[in-house]
Amino acid sequence: MSRFAHHMPFGTELDANGTRFRLWAPDAQNVELVIGEGKKAVPMRATDEGWRETHVGDTPPGTFYQFRIDGGLCVPDPASRFQPKDVHGPSEVIDPSSYLWKTPDWAGRPWQDAVFYELHPGTFSRQGTYAGAADKLDYLADLGVTAVELMPVSDFPGHHNWGYDGVAPYAPDSAYGRPEDLKAFIDAAHGRNLMVFLDVVYNHFGPEGNYLHVYAERFFDRERQTPWGAAISFDRPDSRTVRDYFIHNALYWLEEYRFDGLRLDAVHAIDDRSEPDILEELAETVHDRFGRNRHVHLVLENDSNQARYLERQESGLPRHYTAQWNDDIHHVFHSLLTGETRGYYADYAEDTPGRLARCLTTGFAYQGEASAFRGGETRGEPSGHLPTDAFVNFLQNHDQVGNRAFGDRLAALTSPEALQAATAILLLAPFPPLLFMGQEWGAAQPFLFFCDLGDELKDAVREGRRKEFSGFPEFRNEEARKRIPDPTAGLTFTSCILDWPGPGDRKAEEWLSLHRTLLDIRSRELTPRLSGTQAGQLTWRDGGAMAIAWRLGDGSLLTLIANLSDRSADGVPASTGRPLFTTGGFNPEDADRTIPPWSVGVFLEDAMGE
């Protein structure tokens, strides 16, 4: 089979006689289907439990349609496959099986292969499209990346947005191209042996263009509030359709678009007290659907560090989620490299090297301890029993760069020696690593927060952004806060479009060479051995210097010796195994066993000896 479509109870479904249109509108008295430019309106019959349905002939792919609620407001389809005129415009009938896949037999790659590259489709290339990103796939494959991760593409208001303000979860945003263009990008990636992941948002809808409250108010629970307003209602007796809406969305992206995995954004903001909760039910459904035929991976962002979602079966396969973005290790690395202790970095200011050692051995830095930043609230669950591949590590990502006032990248905040040492640990430790676009050549330009909301929201967004930083000493003055880039300005967006290095850019080439070297070592020496790797062991430590060993899945021993401080460390234990990589003047033959500042050595001892 070379054509793929996901069948769902929402939205549209084509057949030989026309199109079925279906909407869940339990709070509407009357619903009409409006076709084209509003010249034709078709009543939708009420069926069980709030559903409205009709079947109409002569509605081929490309037909525009809306739903008229109680004779007044016309709204787009909440399960629209495409919004060519943005979030307030009509939906378009799409034939999902019209795209002919060139790689229909692609079954993905095993998790131990994962090396992530996170990108924003609108700023990754000068074109700002799926096609523009596809032009860079050969570059990514040559770099050593194995998994491209797209920031959210679900339709958002305006021309540019991070993607987390999406309101049409089934419709890839038209700013980047049509649905078939996104499929072509994924198809081209698969043809280069690259996995593609999608960031999805199941904890809220954006502030503009969400019409669900007009005809399906029970989608939300007004008694539970999130940073974005009323929580999505997942656990009430009438929440079955709400749960199905998001579960089908996951299946839709994985089946119809053939994504290799999903990253679920900020699941700590989902309030679901049922059993199984929505996260568990979604994961179980995905595994049941794809587990036997494809490698499909589910990843969480979860500030609560709930290790229970990452548990493994006796076979070693994930019970629910494959891995979690490990914000803890980012925060530790950032504190070590920059010395920053403000905001959430305050939780990592005390014994920062010790917290790094904990992340590198047992996963989370916070496994139930009190968080000063959160007012003494405990955070996290024990994670030392989990394999190393349950934690995606990174030095930068869209959040950690973009949530800074000026979008500073790490290369502008620390020394090259320190960043080189941290990069070596990131890419050669037995955890799935993630790079953020441009990181691999030390991109100097910022990645700022940007959006393109309607005029009635711009002032609130602009002032809200500046208020976020009012507690920082350098921004207590109102004039200082005005220097923070306006997220609603077009210039803020365009300043984030990557300026790719040209021939002769020596600095960029040096960083690229480092990343290619490290990823080549990882691919050749580590990837075949990673499956089944368990927690590491801290074998020596002196201030910011440490030695950590991991018994890899094939029985070999991987050892990291690192000095992440400004002073030399003495008494370093003798390294065992053959050196895979050294940096910063580290000399494994040094008889005095001294390790210079900001230096790293990585060694591998085969299971049967060297």
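In the set ARG379, ARG462, only one residue is surrounded by fewer than 24 Cβ atoms within 10 Å (Cβ to Cβ), touching a strand residue (DSSP E or B) at 6+ places or on another chain (Cβ under 9 Å) and over 23 Å from PHE197 (Cβ atoms); that residue is ARG379. Could you please find all residues in the stretch 317-371 being small (Gly, Ala, Ser) and either in a helix (DSSP H, G or I) or in contact (Cβ under 8 Å) with a residue 24 or more places away in the chain (or both)? Across the stretch 317-371, the qualifying residues are ALA323, SER335, GLY343, ALA346, GLY354, ALA357, GLY363, ALA365, SER371. Taken over the stretch 477-487, the criterion of being buried (at least 16 other Cβ atoms within 10 Å of the Cβ), out of contact with any Lys or Arg (no Cβ under 8 Å at 6 or more places or on another chain) and assigned to a loop (DSSP other than H, G, I, E, B) is satisfied by PRO485 alone. Just one residue in the set HIS159, HIS204 is of a type outside the set (Ser, Thr, Tyr) and either touching a Ser or Thr at 6+ places or on another chain (Cβ under 8 Å) or within 23 Å of PRO96 (Cβ to Cβ) (or both); that residue is HIS204. Within the stretch 508-567, the set of residues being small (Gly, Ala, Ser), more than 16 Å from PRO579 (Cα to Cα) and part of a helix (DSSP H, G or I) comprises ALA508, SER513.
Considering (1) surrounded by 20 or more Cβ atoms within 10 Å (Cβ to Cβ); (2) touching a Phe, Trp or Tyr at 6+ places or on another chain (Cβ under 6 Å), the lone condition that GLU180 does not fulfil carries the number (1).
Candidates GLU217, GLU208: the one that is among the charged types (D, E, K, R), under 17 Å from SER91 (Cβ atoms) and in contact (Cβ under 8 Å) with a residue 40 or more places away in the chain is GLU208.
The C-beta contact set for the stretch 115-130 (first residue on the phi > 0 side of the Ramachandran plot, second residue modelled with pLDDT under 95 and part of a loop (DSSP other than H, G, I, E, B), distance under 8 angstrom, 6+ apart or interchain) is empty.
Which of the residues belonging to the stretch 360-375 are on the phi > 0 side of the Ramachandran plot and at pLDDT 95 or above? Spell out how you get there, then give the answer.
Within the stretch 360-375, the first condition is being on the phi > 0 side of the Ramachandran plot, and the residues that meet it are 363, 368, 375.
GLY363, GLY368 - these are the residues of the stretch 360-375 that are on the phi > 0 side of the Ramachandran plot and at pLDDT 95 or above.
Beta carbons closer than 8 Å, at least 6 apart along the sequence or on distinct chains, pair a first residue in the stretch 169-190 that is closer than 27 Å to ILE232 by Cα with a second that is of a type in the set (A, V, I, L, M) and part of a helix (DSSP H, G or I) for PRO172/LEU182. Looking across the stretch 33-83, the residues that are part of a strand (DSSP E or B) and either surrounded by 20 or more Cβ atoms within 10 Å (Cβ to Cβ) or touching a Cys at 6+ places or on another chain (Cβ under 6 Å) (or both) come down to LEU33, VAL34, ILE35, ARG52, TYR65, GLN66, PHE67, ARG68, ILE69, VAL75. Is there a residue in the stretch 284-306 that is closer than 25 Å to ARG222 by Cα, surrounded by fewer than 21 Cβ atoms within 10 Å (Cβ to Cβ), free of Cβ contacts under 8 Å to residues at least 60 places away in the same chain and outside the structural domain of TYR202 (by TED's automatic domain parsing)? For the stretch 284-306, residues closer than 25 Å to ARG222 by Cα, surrounded by fewer than 21 Cβ atoms within 10 Å (Cβ to Cβ), free of Cβ contacts under 8 Å to residues at least 60 places away in the same chain and outside the structural domain of TYR202 (by TED's automatic domain parsing): absent.
Within the stretch 578-599, the set of residues being touching a Leu at 6+ places or on another chain (Cβ under 7 Å) and either closer than 19 Å to ASP520 by Cα or in a strand (DSSP E or B) (or both) comprises ARG578, LEU580, PHE581. Scanning the stretch 341-350 turns up no residue that is at pLDDT below 95, surrounded by fewer than 17 Cβ atoms within 10 Å (Cβ to Cβ), in contact with a helix residue (DSSP H, G or I) (Cβ under 6 Å, 6 or more places away or on another chain) and of a type outside the set (A, V, I, L, M). For TYR215, the test of being more than 29 Å from ASP142 (Cβ to Cβ), of a type outside the set (A, V, I, L, M) and out of contact with any Ser or Thr (no Cβ under 9 Å at 6 or more places or on another chain) is passed.
Taken as a whole, the structure leaves PRO318 outside the set of residues that are touching a Gly at 6+ places or on another chain (Cβ under 7 Å) and at negative phi.
Scanning the stretch 68-111 for residues that are at positive phi and either of a type in the set (Gly, Ala, Ser) or in contact with a Lys or Arg (Cβ under 6 Å, 6 or more places away or on another chain) (or both) gives GLY71, GLY108.
The values are calculated or read from the model by the stated rules, or taken from the named source; none is laboratory data. Please read these numbers as outputs of a predicted model, since none were measured by experiment. Using ideal geometry, Cβ is built from the backbone for each residue, glycine included, and neighbour counts are taken over all protein chains shown.
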